[in-house]
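Asks: I am attaching a structure below and will ask some questions about it afterwards.
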Amino acid sequence: MIAISVNGERREFDAPLNCADLIARLALAGKRVAIERNGEIVPRSRFADEALLDGEHVLVTSGPTREPIDPVRYVSNRSSGKMGHAVAIAALRRGARVTLVAGPTVLPPPPGAVYVPVQTAEEMREAVLQHLDAATIVIKAAAVADYRVKRPSATKIKSNKDEELTLTFTPNPDILKEVAARKGTRFVVGFAAETDEVRTRAAAKLRAKGVDLLVLNDVSQRGIGFDADDNQVVLLDRWGGSIDLPTMKKIDVAGAILDRVLELRAASRPSSRDRASR
Ligand code: C5P
């Protein structure tokens, strides 16, 4: 049995309750909410962590991609996968089912997640599209290589110190844009790692990619962003909102992103009472 008190008024529920939308709405409306389970008051934060994403399926991408030059060499970037893995762990803690599509990283797969390891952007695209149908929330934290080598060599390229080596790159598919274009009722979150004119570029990216929420981090600053344990981000949403978060552990940044997703989704969806009265 679950009981919920709102501003001191207590109601009991026998049926298992998915409280995610309800709590998000009440919190948005500035109500004092207390939750009891089997006669015990559950601290709001614990309950939130346990149940806020009950019934949700979160599809997360993490890490870099590796684009082969030849069988032994590749082009990649400095992404460690720490942010994407933190998002997956935070979503699991909140009761979601999680599919994590991850580029090469030394991090272990989070227990409880469906883990899909990939190497290249094209493999990541295929895995994401394959798991998209089941997802209700998509969070693309991976640093996908924008380009791949057009014609990787089938054999190891021999070194010739007297000659320059020229590689031709071709653009990779923009997975996030493709997901956003066919998102349906899903909530789609993208990341933007910028080094200059960060806000202007992020605002443009939010529109260009067609996402609901963009997590901006300035990777020119030391100690945050790529390969760091901390991150400092700005959450820009397509309804014009902008929230500057302080520097936090990546797991707490991940929690804040998920909380914001629920807030925005609750605020943007008509309530069931509104729907019934139409
Ligand atoms: O355009 P940019 O790479 O800065 O955008 C970053 C966001 O777009 C991230 O969420 C990243 O996962 C996603 N992305 C993608 N496919 C690409 C490039 C970026 O999904 N080819």
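Asks: Could you list, in sequence order, the residues of the range 178-188 that are at negative phi and either assigned to a loop (DSSP other than H, G, I, E, B) or modelled with pLDDT under 95 (or both)?
Replies: The initial filter retains those residues of the range 178-188 that are at negative phi, namely 178-183, 185-188.
Those that are at negative phi and either assigned to a loop (DSSP other than H, G, I, E, B) or modelled with pLDDT under 95 (or both): ARG182, LYS183, THR185, ARG186.
Asks: Also, quick follow-up: Under 7 Å by Cβ, and 6 or more places apart or on different chains, what pairs join a residue from the range 124-151 that is touching a residue at least 12 places away in the same chain (Cβ under 8 Å) with one that is away from the ligand (no atom under 14 Å from the Cβ) and of a type in the set (Lys, Arg)?
Replies: Close Cβ pairs (under 7 Å, with a partner that is away from the ligand (no atom under 14 Å from the Cβ) and of a type in the set (Lys, Arg)) amount to ALA135/ARG186; THR136/ARG186; ILE137/ARG186; VAL138/ARG186.
Asks: Looking only at residues in the range 83-99 that are touching a residue at least 60 places away in the same chain (Cβ under 8 Å) and β-branched (Val, Ile, Thr), which one is farthest from THR136 (Cα to Cα)?
Replies: Ranking the candidates gives ILE89 first.
Asks: Only one residue in ASP146, ASP70 is touching a strand residue (DSSP E or B) at 6+ places or on another chain (Cβ under 8 Å) and of a type in the set (D, E, K, R). Which one? Before the answer, list the steps.
Replies: Details: ASP70 fails: touching a strand residue (DSSP E or B) at 6+ places or on another chain (Cβ under 8 Å).
Just a single option satisfies the conditions, and that option is ASP146.
Asks: Follow-up. Is there a residue being buried (at least 19 other Cβ atoms within 10 Å of the Cβ) and at pLDDT 95 or above anywhere in the range 105-113? So that I can check it myself, show each step before the final result.
Replies: Step one: of the range 105-113, the residues buried (at least 19 other Cβ atoms within 10 Å of the Cβ) are 110, 113.
If we keep only those that are at pLDDT 95 or above too, we end up with 110, 113.
The answer is yes; a qualifying residue exists.
Asks: Taking the criterion of being within 21 Å of PRO64 (Cα to Cα), surrounded by fewer than 17 Cβ atoms within 10 Å (Cβ to Cβ) and within 14 Å of the ligand (Cβ to nearest atom), would at least one residue in the range 254-265 satisfy it? Give the derivation first.
Replies: Pass one, the range 254-265, residues within 21 Å of PRO64 (Cα to Cα): 254, 257.
Right, trim to surrounded by fewer than 17 Cβ atoms within 10 Å (Cβ to Cβ) and you get none.
Scanning the range 254-265, I find no residue that is within 21 Å of PRO64 (Cα to Cα), surrounded by fewer than 17 Cβ atoms within 10 Å (Cβ to Cβ) and within 14 Å of the ligand (Cβ to nearest atom), so the answer is no.
Asks: Enumerate the pairs (first residue in the range 204-217 and open to solvent by 50 Å² or more (accessible area, probe 1.4 Å); second residue anywhere and β-branched (Val, Ile, Thr) and near the ligand (Cβ under 10 Å from one of its atoms)) with beta-carbon separation below 9 Å, excluding pairs fewer than 6 apart on the same chain, so at least 6 apart or on different chains.
Replies: Short answer, once both residue conditions are applied: LYS205/VAL211.
This table checks each residue for (1) in contact with a Pro (Cβ under 8 Å, 6 or more places away or on another chain); (2) small (Gly, Ala, Ser).
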site	(1), (2)
ILE175	no, no
GLU178	no, no
ALA204	no, yes
ALA208	no, yes
VAL211	no, no
ASN217	no, no
GLN232	yes, no
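Asks: May I pose another question? Of the residues ALA88, ALA145, which single one is small (Gly, Ala, Ser) and either more than 17 Å from PHE191 (Cα to Cα) or open to solvent by 10 Å² or more (accessible area, probe 1.4 Å) (or both)?
Replies: On the way: ALA88 fails: either more than 17 Å from PHE191 (Cα to Cα) or open to solvent by 10 Å² or more (accessible area, probe 1.4 Å) (or both).
Just one listed residue meets the conditions, ALA145.
Asks: OK, next. Kindly provide the set of residues from the range 225-243 that are more than 13 Å from the ligand (Cβ to nearest atom), at pLDDT below 95 and crowded, with 20+ Cβ neighbours inside 10 Å, ordered by number.
Replies: ASN231
Asks: Continuing with the same structure: Could you tell me which numbered condition PHE191 fails, if it satisfies all but one of (1) at pLDDT 95 or above; (2) over 27 Å from VAL106 (Cβ atoms)?
Replies: All conditions are met except number (2).
Asks: Hey, any hits in the range 204-218 for a residue that's in contact with a helix residue (DSSP H, G or I) (Cβ under 8 Å, 6 or more places away or on another chain), within 14 Å of the ligand (Cβ to nearest atom), part of a loop (DSSP other than H, G, I, E, B) and not small (Gly, Ala, Ser)?
Replies: Yes, that holds for at least one residue.
Asks: Select from the range 194-203 the residues that are within 12 Å of the ligand (Cβ to nearest atom) and open to solvent by 50 Å² or more (accessible area, probe 1.4 Å) and list them in ascending order. Walk me through how you get there before you give the answer.
Replies: In the first step, residues of the range 194-203 are kept if they are within 12 Å of the ligand (Cβ to nearest atom); the result is 194-195, 198, 201-202.
Across the range 194-203, the qualifying residues are THR195, ARG201.
Asks: Among the residues that make up the range 177-185, is at least one of them away from the ligand (no atom under 14 Å from the Cβ), over 19 Å from PRO64 (Cα atoms) and in contact (Cβ under 8 Å) with a residue 40 or more places away in the chain?
Replies: Restricting attention to the range 177-185, the residues satisfying the condition of being away from the ligand (no atom under 14 Å from the Cβ) are 184-185.
Among the residues that remain, those that are also over 19 Å from PRO64 (Cα atoms) are: 184-185.
Still in the list and also in contact (Cβ under 8 Å) with a residue 40 or more places away in the chain: 185.
Taking every residue of the range 177-185 in turn, at least one turns out to be away from the ligand (no atom under 14 Å from the Cβ), over 19 Å from PRO64 (Cα atoms) and in contact (Cβ under 8 Å) with a residue 40 or more places away in the chain.
The values are calculated or read from the model by the stated rules, or taken from the named source; none is laboratory data. Model, not experiment: these values are computed from the prediction. Positions of Cβ are backbone-derived with ideal geometry, glycine not excepted, and every protein chain shown enters the neighbour counts. Ligands, DNA and RNA are excluded from the accessible area calculation, which covers all protein heavy atoms including side chains. Shrake-Rupley method; radii C 1.70, N 1.55, O 1.52, S 1.80 Å.
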